[in-house]
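Below you'll find the structure, written out as structure tokens, and then a few comments.
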Amino acid sequence: MKILAFGASNSKSSINKTLAHFTATLIHHADVEVLDLNDYALPIYSEDIEKDIGQPEAAKRFFEKIGAADGVIVSFAEHNGTYSAAYKNLFDWASRIDQKVFQNKPTLYLATSPGPGGAASVLAAAKGSARFFGVDLRAAVSVGSFYDVFDANSGRITDPTVLSELTSAAEALVLDDSVERVAS
């Protein structure tokens, strides 16, 4: 099973990228590819720019990466209560290729932050719009106080409750016919 994982942030030290990658490792026998949004830099989306340049190669590559995966794990960084500008821009460009950006792939939504809120606002927004963008949302988990529950030396979540939630979410991602779906 090919799993595509990424943090919806262009921070070089993204805790969301770390969380997405760690969660992907919980899926046994998975071939995991971790994307870095810095590899998909694009001009700020506008209809005028799109008319001038068409679909940029970076947006096409991102869309194709999702299409080639069997499952997707995305962990959302929260900037002022919503998506990071880097993710939103890439997503906007990809949605011009096809509104169903996630192409009905089984998907796990995560979010984390250094504080106790766990980026819950952006996770709620992502869950609320998932059905419009071809997301087969299997689970969604918010992880608060990331630095308190993640050990950088071992690269592992150390809090048993958080680890259990992430393990359950990873299992839901790979079920052929997930009985429990996340309500939109």
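The values are calculated or read from the model by the stated rules, or taken from the named source; none is laboratory data. Everything quoted here is computed from the prediction, not taken from an experiment. So basically every Cβ, Gly included, is an ideal-geometry build from the backbone, and we count neighbours across all protein chains shown. For accessibility, only protein heavy atoms count, side chains too; no ligands or nucleic acids. Shrake-Rupley method; radii C 1.70, N 1.55, O 1.52, S 1.80 Å.
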Notebook entry, point to check: Out of residues 5 or more away from Phe76 or on other chains, whose amide H comes under 5 Å of its own, with H placed 1.01 Å from N in the peptide plane?
Noted result: Ala8, Leu110, Ala111, Thr112
Next item on the list: With +1 on each Lys and Arg Cβ and -1 on each Asp and Glu Cβ, and nothing else charged, work out how big the dipole of segment 91-155 is about its Cα centre, in Debye to the nearest 20.
Entry: 320 debye
Checklist line | Theoretical gain in end-to-end length, Thr161 to Ala68 [0.36 nm per residue, Cα-Cα removed] | finding: 30.3 nm
Checklist line | Phe150 long-range amide H proximity, modeled H, under 5 Å | finding: Thr158
Checklist line | Whole-number Å³ per residue for the convex hull built on Cα positions in the chain | finding: 109 Å³
Check: Placing +1 at every Lys and Arg Cβ and -1 at every Asp and Glu Cβ, with all other atoms neutral, what dipole size does the chain have around its Cα centre, in debye to the nearest 20?
Finding: 140 debye
Note to self: Could you work out the relative contact order of the chain? I mean the mean sequence separation of Cα pairs under 8 Å and 6+ apart, divided by the number of residues, in percent.
What the structure shows: 22 percent
Note to self: If I model a spin label as a point 7 Å beyond the Cα along the Cα-Cβ vector, how far apart are those points for Ala152 and Asp52 in nm?
What the structure shows: 4.1 nm
Checklist line | Helical mean residue ellipticity (222 nm; -39500 (n - 2.57) per DSSP H run of 4+; nearest 500) of the chain | finding: -11500 deg cm²/dmol
Note to self: Using the Cα centre of segment 28-111 as the reference point, and only Cβ charges (+1 on K/R, -1 on D/E), how large is the resulting charge dipole? Debye, rounded to the nearest 20.
What the structure shows: 180 debye
Notebook entry, point to check: So which GluC sites (Glu not before Pro) in segment 95-184 end up in coil per DSSP with only 11 or fewer other C-beta atoms within 10 Å?
Noted result: Glu180
Next item on the list: Tally up the carbon and sulfur contribution to the accessible surface of the chain as a whole percent, 1.4 Å probe, everything protein left in place.
Entry: 49 percent
Check: In Å², what does the accessible area per residue of segment 1-136 work out to with a 1.4 Å probe?
Finding: 45 Å²
Note to self: How much of the DSSP bridge set in segment 14-144 is antiparallel, in percent, rounded to the nearest 5?
What the structure shows: 5 percent
Item checked: Positive-end residue, segment 35-184 charge dipole about Cα centroid, Cβ charges, pick of Phe132, Trp93, Tyr83 -> Phe132
